[in-house]
Amino acid sequence: MLSRCYSAAVYGLDASVVEVEVNTGQGIPQVVIVGLPDKAVTESRDRVKTALENSGFRHVRTRTTINLAPADVKKEGPVYDLPMALGILGATEQAVMPRLSEFLVVGELALNGSVRPTRGVLSMAMLAKERGKAGVLVPLANAAEAAMIQGLEVYGISNLRECADFLSGRHSIQPFTCNIVEIFAKHARYDVDFADVKGQTHAKRALEVAVAGGHNILLVGPPGSGKSMLSKRIPTISPSMTLDEALETTRIHSVAGNLLPSQAIVAARPFRSPHHTISDVALTGGTSDLRPGEVSLSHHGVLFLDELPEFKRATLEAMRQPMEDGVVHVARATGSVTFPCRCMMVASMNPCPCGYYGDPKRECRCGPAQIQKYRAKISGPLLDRIDLHVEVPAVQYADMARRETAEPSEKILQRVLLARAVQYRRFKKEGRINAHMTPRGIRAHCVLDTECEHFLKTAMSEMNFSARAYDRILKVSRTIADLDGKPEIESNHLGEALQYRALDRRLWT
């Protein structure tokens, strides 16, 4: 007898429908799985057999063919265990399930028949809604994640027997629901605050400008100056994520298998801080199973690269295209996918190997050749893609001993939100912020008067900036003007933007 149900395969971030056909007939008793399965799918027959027997069902005693269609798409992982088991129950008439084909079913089976969580459930739930399915049957641990898709009935399944009884009408399961507003409110609280940072007024101002416009930033300073401490507080002054941003980010983390068992959605902006020994594949994505890398896991959040020159040069150079385009294209022998990676890159570094070059109180022990070799690890093209280069000096004792509380994150956030509101009105048809302005947008929104043009021309010739740096300066100037509430870029805005570039250029040359 033939039975049919539907599951899904995740390829990159997108899911596609997989039709699971189970047919029992005459022949040598064995289970054959066809449809381009990988090793994990082939092993499903042993898991399914044991799960059926331990759930009070009998396994087939005839030749059984399980087809995963379409046959030209590779099927990976144990996500098809539950639909295979249900298909066998239907084909052997051990359970009459008239609504089986109305649902999209996913889940890995344990040997005792319980259903284990799987990755990529959010993408599968989105697919079910697009295809007009009545609902999805997912592992109970993944139910909250799938319930983020509004207008779709989500049923959390704990074991095979419960699922078969539900589809047969002998057992009732209530659709899983979540309070999205409550989830967002829960994740809006942070344990850190800019009020904890003593001194560093100039660096805080630079971070405020960077967050307001979504610009990349590089912090240069000696050890212990607070570069990491400042960077970890960036999410506290970043605007809250919208539901669309949260869903897109959650899809990436779900496909990567990074969601916690109790986590329904990534409601707070990600902050990823990979170690400097990371490979270029782990950073940009594209392992053998085409999973997203750290730059994509930072989508709509912050990618913090501490001790930037310690990263391998090939790894840093792989960042150039994703930083520019906001997407990373991964091509492997198994296929090609595209992952979004529109994040804010924050990097930190010491001015030299010992860390004290230019420090007025500590003597630098590095020779010129050592310093040159250390700095040469970061190429000019990569540096051009970082909008702000800011010096973070050592904290003075007077600042550390001061009893007054520094400006809290909440006040900085209010100014950032006002500047973002200006940008949202400006780019309402494009949905962009200043850091993502196209060349056409720069010509339209970064118009300089005669005085500013002369000022910038002089700076460009003296500092030998590249054409890309010219665009970055204009974008940062536009953000500073937005923070100042000015409709046009003025000379003081341009001067502050140049200061963030000139400081780094003087240090590097």
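The values are calculated or read from the model by the stated rules, or taken from the named source; none is laboratory data. Everything numeric in this text was worked out from a predicted model, so none of it was measured. Ideal geometry is used to build each Cβ from the backbone, glycine not excepted, and the neighbour counts take in all protein chains shown. Note: accessible area is taken over every heavy atom of the protein model, side chains too, but ligands, DNA and RNA are not part of it. Shrake-Rupley method; radii C 1.70, N 1.55, O 1.52, S 1.80 Å.
Just how large is the dipole of region 201-352 about the Cα centre, in debye to the nearest 20, putting +1 at every Lys and Arg Cβ and -1 at every Asp and Glu Cβ?
On the way: 14 positive and 13 negative charges, 57 e Å.
Value, rounded to 20: 280 debye.
Write down the Å³ per residue value for the convex hull defined by the alpha carbon atoms of region 405-482.
Each residue corresponds to 123 Å³ of Cα convex hull volume.
Please calculate how many Å² of accessible area the chain carries per residue, with a 1.4 Å probe and no DNA, RNA or ligand atoms counted.
Working: 23010 Å² over 509 residues.
Heavy-atom accessible area per residue stands at 45 Å².
Pairs of alpha-carbon atoms within less than 8 angstrom and 6+ residues apart define the contacts here; what relative contact order does the chain have, in percent?
It comes to 13 percent, rounded to a whole number.
In nm, to one decimal, how far is the modelled label at residue 130 from the one at residue 192, with both set 7 Å along Cα→Cβ?
Reported label-point gap for residue 130 and residue 192 is 3.6 nm.
Return the distance in nm (one decimal) between the two label points of a simple spin-label model at residue 278 and residue 488, each offset 7 Å from Cα along Cα→Cβ.
Computed distance between label sites residue 278 and residue 488 equals 4.4 nm.
Scan around residue 327 for amide H atoms under 5 Å from its own, H built in the peptide plane at 1.01 Å from N, and keep only partners 5 or more places away or cross-chain.
Amide H neighbours of residue 327: 341.
Put one equal scatterer on each alpha carbon of region 281-345, apply the Debye formula with no solvent term, and list log10 I(q)/I(0) at q = 0.12, 0.18 1/Å to two decimals.
Relative scattering, expressed as log10 I(q)/I(0), comes to -0.27, -0.61.
Under the Karplus relation 6.51 cos²θ - 1.76 cosθ + 1.60, θ = phi - 60°, what is the ordered set of whole-Hz ³J(HN,Hα) values for region 40-54, x standing for Gly and Pro?
Listing the rounded values in order: 5, 6, 4, 6, 4, 4, 6, 5, 5, 4, 5, 5, 4, 5, 6 Hz.
Can you order the peptides 176-188, 129-141 by their average number of other Cβ atoms within 10 Å per residue, highest first?
Most protected by this proxy first, the peptides run 129-141, 176-188.
Would you kindly derive the ³J(HN,Hα) couplings of region 482-487 from the backbone phi angles with the Karplus curve 6.51 cos²θ - 1.76 cosθ + 1.60 (θ = phi - 60°), listing them in order in whole Hz, with x for Gly and Pro?
5, 5, 7, x, 9, x
Could you state the per residue volume, in Å³, of the convex hull enclosing the Cα atoms of region 379-449?
Numbers: hull volume 12.7 nm³, N = 71.
Cα-based convex hull of region 379-449, divided per residue, equals 178 Å³.
Please report Rg (one decimal) and Dmax (integer) in Å for the Cα set of the chain.
27.6, 89
Let me check the size of region 31-98 from its C-alpha atoms; what are the radius of gyration and Dmax in Å?
Taking only Cα atoms of region 31-98, I get Rg and Dmax of 11.8, 35 Å.
Counting only protein heavy atoms and using a 1.4 Å probe, what share of the accessible area of the chain belongs to carbon plus sulfur, as a whole percent? Numbers along the way, then the final one.
Numbers: 11680 of 23010 Å².
Exposed carbon and sulfur together represent 51 percent of the surface.
Percent antiparallel among DSSP beta bridges with both residues in the chain, to the nearest 5?
Here the antiparallel bridges make up roughly 50 percent for the chain.
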